[in-house]
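I have placed the structure first, in the form of structure tokens, so that the comments after it can refer back to it.
The values are calculated or read from the model by the stated rules, or taken from the named source; none is laboratory data. As the structure is a computational prediction, the values presented were derived from the model and not from experiment. Ligands, DNA and RNA are stripped out before the accessible areas are found, and what is left, the full protein with its side chains, is counted by its heavy atoms. Shrake-Rupley method; radii C 1.70, N 1.55, O 1.52, S 1.80 Å.
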Amino acid sequence: MNIKSYHFILLALALFQTACTPESSSRPQAEREVLSAVAAKDSASWVGIYRGELPCADCDYIEATIVLRDNLHYSLTTRHVGRVAGVLPSEKRGTFHWRDDGLLQLDAAGDNMVFFAHEKGLQMRGNDGKAYPGSKGKICGLAKTGSFVPGQ
């Protein structure tokens, strides 16, 4: 494992302990919303614009926008909010693929982030497929905020 991968793993672990949307533990498990996965072959269900907050190790949170296109390309715009001063938004572009377990994974330009794609958005997952941080009862993710004509 190279040093860059090691740093990414440490950063990812720290990221998953902050930000995200808390899951209501006051509702019984049966009442919690069940999200239906979108089909990888049905691009109309997942092509679009996703926005939200992702966890951050050295700031309060990361404002993120991911645009998924039907040609399996994405753009990821992020802006660190909080303790990091002077950091401007950054944009990364790359490709993604659908893993055998049905999860969507960005390429190295997108830090190999993994998401569960459902009808309302993208839920951040670890490489093992589990939602983070799990033990804290928080769900990290991005809400689908818009669509566009495939191929644009």
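Quick look at the numbers
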quantity	calculated
Solvent exposure of the range 45-147 as accessible area per residue, Å², 1.4 Å probe	48
Shape of the range 45-147, Cα gyration tensor, a/c cut at 1.5	oblate
For the range 74-115, alpha-carbon Rg over 2.2 N^0.38 Å	1.40
Relative contact order computed over the range 45-147 (Cα-Cα under 8 Å; 6+ residues apart), in percent	25
